[in-house]
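This report refers to the structure that appears directly beneath it.
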Amino acid sequence: MTALFTEEQKVYLESIAPEIIQLKSRVDALEQLDARVTALQNRMDDFNVPDSVKTEIHSTTLNDCCTLFEECVSSLEAKLPSHIQDRLQCLEQQFTAHCDTHPTATASSTTVTPTTKSAFKLKEPPKFSGKREECRSFFSYLALHFAKSPKDFEEDSSKILFAISYLEGQPFRHMEPYLAKIKGSSDPEDSPKILTDFTFFEKSMINSYGIANAPVAAVAKIKALRQTSSVAAYATEFRCLAMDLKWNDDALTSQFESGLKDSILNSLANEPIITDLEQLIECTTELDDQCFLLNQ
């Protein structure tokens, strides 16, 4: 039987055997890595991860794999005789074909633009049906969405139409006559101001469905406010009412202290005088936690 290799070829193959073994181990590792990426994608589907994130993870991983494989091939090509180079090129073509089955990556180096913002999904704004105490919160939810996706809301009209889509009941009926005016018209100048100016739209909705004369109502409510549970809960209500007031810190801290429980006030008497509202809230919250632990 004719020998497959000459003695000289056998000696040469033995000398490069470690590099060939290393190449095979890397190919095996790449296949395992690809399987892990596929499994990761399946898990991301279960958690509703955005497609842009899945694409970037898969593309980046496979591009790194391709680069590693090409570097390994290049380091060996210069050292191998022609008949072994042919076999190696065949392996490279097989791996390239494998990568081509994944549309997010290619065998050549591909530039992947890094994500500049964390991809997360905001909770949908609640429907606004006209309850006066919910009007401010509704516009706070809208502001959150506008800040999250500024490119989607560059125009005031986009913000207004988005807001209208979450109106129901009387507030939506309030907007229907304006919406009727833009049916069949493509000229922005034909649109009422309430559909093109978000500041005007917000002011109009608050005047119609917000708390009437909010500052006066806030003064009465904040003076009647008392701590009935935790300081944290009391502080939340206090902050919301303070938003409608133009009081300075001295007035706010004085009013905040007047609504605290006696037990907190007694503990606060041992602390240095605090004239900043946020510092006062932080201090009294800690004192409230300490009292809670002592009573357990």
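Read the figures in this text as sums done on the coordinates, not as results from a lab. Just so we're clear, the structure is a prediction, and the values are computed from it rather than from any experiment. Every residue, glycine as well, gets a Cβ built from its backbone with ideal geometry; the counts of neighbours run over all protein chains shown.
Strictly over 27 Å apart at the Cα level, which of Lys183/Lys203; Lys121/Lys159; Lys151/Lys203; Lys159/Lys221 would you flag in this model?
Violating the 27 Å Cα-Cα cut-off are Lys159/Lys221.
Between Arg239 and Ser263, what FRET efficiency comes out of the Förster formula 1/(1 + (r/R0)^6) with R0 = 22 Å and r the beta carbon distance, rounded to 0.05?
So the FRET efficiency works out to roughly 0.50.
Quick one: grab the alpha carbon gyration tensor of region 132-209, order the square roots of its eigenvalues as a ≥ b ≥ c, and give me rounded if a/c is under 1.5, else prolate or oblate depending on whether a/b is larger than b/c.
Verdict is oblate for region 132-209.
Rounded to the nearest 0.05, what FRET efficiency do Leu293 and Ser129 have when you use their Cβ-Cβ distance and R0 = 35 Å?
0.25
Taking 0.36 nm per residue of separation and subtracting the Cα-Cα distance, what length does fully extending Ala180 through Ser137 add?
Length difference between fully extended and current span is 12.7 nm.
Let a ≥ b ≥ c be the square roots of the eigenvalues of the Cα gyration tensor of region 214-294; is it rounded (a/c under 1.5), or, if not, prolate (a/b larger than b/c) or oblate?
Prolate, because a/c is 1.5 or more and a/b exceeds b/c.
Between Asn213 and Glu155, what is 0.36 nm times their sequence separation minus the Cα-Cα distance? Round to one decimal in nm.
17.9 nm
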